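Handing you this structure, nothing more for now.
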Amino acid sequence: MATSVLLRIQASVFTLNKCYYLVDTVQSSIIKIGNSKGVRILASLLKEYAFEEDVILELKEDGILMKPAKKTRQGWNQAFKKMSANQDDVVLMDDVFSDEKFEDWK
């Protein structure tokens, strides 16, 4: 027997069968997956909110908030290009300190 669950999703327009819907809640069912339980989510919602493999679950007072997990260093390449274009990619500290002794590294 499936238990109903209400997923809170920020208001957004998403497509389903080439129609547009404006929603802020979607009802789904909790289903059995092996010894665990899970929630079935529309593929169009997963795509719209950029869910891939990993998710972040935040435990809130009134429920669970699910967010897509960001990949490590996501967006860094674009940020570095922007810094370079703005000539903001200067070295902030010297590679060698004045009191550094190279003999200590042997």
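Please treat every number below as a calculation from the coordinates, not as lab data. Only a predicted model underlies this, so the values are computations on that prediction, with no experimental measurement involved. In this analysis, Cβ positions are derived from the backbone assuming ideal geometry, glycine residues included, and neighbour counts consider all displayed protein chains.
If I filter segment 53-106 down to residues being among the β-branched types (V, I, T) and more than 21 Å from the chain's Cα centre (by Cα), which single residue comes out as farthest from D24 (Cα to Cα)?
In this case the residue turns out to be V96.
Would you check which residues across segment 26-73 are surrounded by fewer than 10 Cβ atoms within 10 Å (Cβ to Cβ), part of a loop (DSSP other than H, G, I, E, B) and of a type in the set (S, T, Y) and list them?
T72, the sole residue that qualifies.
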